[in-house]
Each structure stands twice: as structure tokens, then as C-alpha cells.
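*Asks:* Before I ask anything, here is the structure I am working with.
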Amino acid sequence: IMVFAAEFKTKIAVLKISLSENYIEEIAIKNPGGGENIRTNNNRQILRHGRVELSTPDYGRFSHLNILLGLLDNYFSGKTADFNEIPVNLSSYSGFTGKILGVLRNVKYGETLSYGELALKAGFGKNYSRACAAALSANKTPVIIPCHRVIYSGGGLGGYSGGGGSIFKAKLLSLECQ
């Protein structure tokens, strides 16, 4: 699979986007104040090797990238953005994780739910909340699959492994409350 790389800069972070001809494969979040601050698992390391860096004029070749960039521009400007039409490659996830991430895609802009509520929406018991948290930690396309919208049942933020930790999670949630 040929993987291409693009970059999207916001006021609060730089998003490194990996894509194939048909899918967004990964979004790595680099914080403006420091290093990449992202999880690296075997899948991410594989994607990083042999990526073809795209220049801005090359972006037009990928309609899914252009649509994503427009949505990201809206999103980071505090406007509603629905990422459901963006094709994301879910084939590398286990059945449980794929199900959780697929259900999470339907959580709307500005909404939050608890880990237990997510488990219930996916057809599992509320006692699967910790398993949901583990599934979210495997999410390779944060923002598109909005793991930042999942919080503790008591209202606490919970963790965020999409890049930037809970501080970045709070920034994403505050963008959606403007």
C-alpha cells in the first residue's frame, strides 16, 4: 500500500495526515510547543516508513484529503464539522475495537458520552467501559473518530492518547462549545 503524507496547521497543533488512495490512514498530532507527543505502536511505525510527502499542489489529487482539510479548517475555526463522510481505514482493528470506533463516529459535534455509555451504544454492557478506553487508545485517526468526546461518567475528562494528552482533549472539547 502506498502511503502519502500531508500536513495541516492549526493555532493549537499541527496534524500530520497519512493517507492512501482511498482512505485516511492516520492522523498524528504534533503540539506546537514541543515534540510529536503521540503514541507509536507497530501500525504507526509501519505507516511512517516509506511515506511519500505531498506538496500542497499534490493535495488536489485526493478528494478525500481535500474534503478532510476543509472540515478541519471549519473544525479548528470553531464551526460544526461532520467527519462521517471521510473514509477511514478500520481494517487493522480487532472486531471489538472496530465496533467501538465505528459507533463513536456517530457521536455528534458538541456531544459527549461516558465510556460506559459508549459500551452500551455498541451493544456491550456498561462493565465494558475500561475495554472501551483501551479501544480508544488504539484510534489512529483522532478528531475524525472523536475519542475526545468520551469522558468519565462523573464528568472528568479521562485520558487522551490521540496526542497532547488531556490538555489537548480539553482544547478540542472547548472548540466544540464555542
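The values are calculated or read from the model by the stated rules, or taken from the named source; none is laboratory data. No experiment lies behind these values; they were computed from the predicted model shown. For neighbour counting, all protein chains shown are included, and Cβ atoms are generated from backbone atoms with ideal geometry for every residue, glycine included. Ligands, DNA and RNA are stripped out before the accessible areas are found, and what is left, the full protein with its side chains, is counted by its heavy atoms. Shrake-Rupley method; radii C 1.70, N 1.55, O 1.52, S 1.80 Å.
*Asks:* Given the criterion over 28 Å from Gly70 (Cβ atoms) and open to solvent by less than 20 Å² (accessible area, probe 1.4 Å), identify the matching residue among Ala135, Ala131.
*Replies:* Checking each option against the conditions leaves just Ala135.
*Asks:* If I filter region 52-80 down to residues being farther than 18 Å from Val14 by Cβ and of a type in the set (A, V, I, L, M, F, W, C), which single residue comes out as most open to solvent (accessible area, probe 1.4 Å)?
*Replies:* Ranking the candidates gives Ile67 first.
*Asks:* Do any helices (runs of 4 or more DSSP H) lying entirely in region 68-170 carry at least 2 residues that are more than 15 Å from the chain's Cα centre (by Cα) and under 25 Å from Ser20 (Cα atoms), and which ones are they?
*Replies:* Qualifying helices (runs of 4 or more DSSP H): 95-104.
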